[in-house]
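Bear in mind that the values in this text are calculations on the coordinates, not laboratory data. Nothing here was measured: the structure is a model prediction, and the numbers come from that model. Cβ atoms come from the backbone with ideal geometry, glycine included; neighbour counts cover every protein chain shown.
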Amino acid sequence: MKIELAPSILSANFAQLGSDAQQAIDGGGTVLHVDIMDGHFVPNITIGPPVVRWLRKVIQVPLDCHLMIENPDFFIPEFADVGADWISVHQEACIHLDRTLHLIASHGCKPGVVLNPATPVETLTEVLDLVHHVLVMSVNPGFGGQKFIPNSLNKIAALVRMRAERKLDFRIEVDGGVDLETVSDIVKAGAELLVAGNAVFGHGDIRSNAAKLLEAARAATLARA
Ligand code: DX5
Ligand code: ZN
């Protein structure tokens with residue numbers, strides 16, 4: 001299992017977004033996590049397709065667009081068009097989740113599904129064969145810098161079991177409160193795509209924050225083996 005760090009630009013300095021994002025990639029980030037919030041599905045507003053379009057021009061790694069919006073079907077074609085590589089939608093926001101995941105794939109993007117902390121993993125049994133990744137929210141979505149919710153570890157472990165039982169190959173991503181304190185338990189539970197905002201961009205040197213977090217994550221894989 002390959003551990004990857006997906007720096008979340010939510011905590012970056014938006015006045016120097018390209019440079020901040022690049023520093024996180026230089027520190028070992030191999031996917032860039034982009035949080036899209038509409039002020040309805042979550043109580044915060046962030047960015048839309050124009051920012052993704054400009055990031056695409058300067059960033060070489062896959063753009064992982066996490067849609068925290070109502071009616072994602074309406075925006076999926078546009079995010080695909082401006083250069084999103086992965087698009088994930090919330091189970092809670094999609095009445096026709098099967099259709100939405102197919103829509104993402106039909107636009108040439110990798111489909112992902114996201115679970116809020118209160119949503120059980122069992123709600124995904126019928127779509128696990130359609131997704132490239134399952135994103136377990138380990139905080140309630142909307143803001144960076146929140147505290148990791150420990151029950152997320154049980155959800156990650158349950159997804160590992162479901163994936164093995166069904167011989168599937170979706171990847172397991174975790175988002176919220178990932179830092180030097182929590183990353184070891186998260187990796188040991190079985191997550192392999194680690195989203196981190198505050199721990200990478202919140203303080204100090206972005207590049208070395210990313211490198212240290214990735215190093216701690218890799219060390220935990222060795223401990224698990
Ligand atoms: C929260 C976002 C996260 C956020 C995580 O709703 O989905 O991607 O950036 O931030 P940290 O790593 O600071 O908890
Ligand atoms: Zn996110």
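Points to keep in mind about this one:
- Put simply, the C-alpha atoms of segment 176-225 give a gyration tensor, and the ellipsoid matching it has half-axes of 19, 11, 7 Å, longest first.
- Burial ordering of 137, 1, 162, fewest other beta-carbon atoms within 10 Å first: 1, 162, 137
- Total formal charge among the other residues, if their Cβ is under 12 angstrom from that of residue 120, Lys/Arg +1 and Asp/Glu -1: -1
- Values of log10 I(q)/I(0) for segment 62-162 across q = 0.13 Å⁻¹ run -0.44, by the Debye formula with one identical scatterer at each alpha carbon and no solvent.
- Normalised by 2.2 N^0.38 Å, where N is the number of residues, the alpha-carbon radius of gyration of segment 102-214 equals 1.09.
- For GluC sites (Glu not before Pro), the sites in segment 54-148 that DSSP calls loop and that have at most 15 other Cβ atoms within 10 Å are 70, 126.
- Relative pair counts by distance (%), Cα atoms of the chain, 10 Å bins: 8, 37, 39, 15, 1
- Rg and Dmax of segment 1-135, Cα atoms only, in Å: 14.4, 42
- Taking the charge dipole of segment 89-205 about its Cα centre, with +1 at Lys and Arg Cβ atoms and -1 at Asp and Glu Cβ atoms, the residue from 120, 138, 152 reaching farthest to the positive side is 120.
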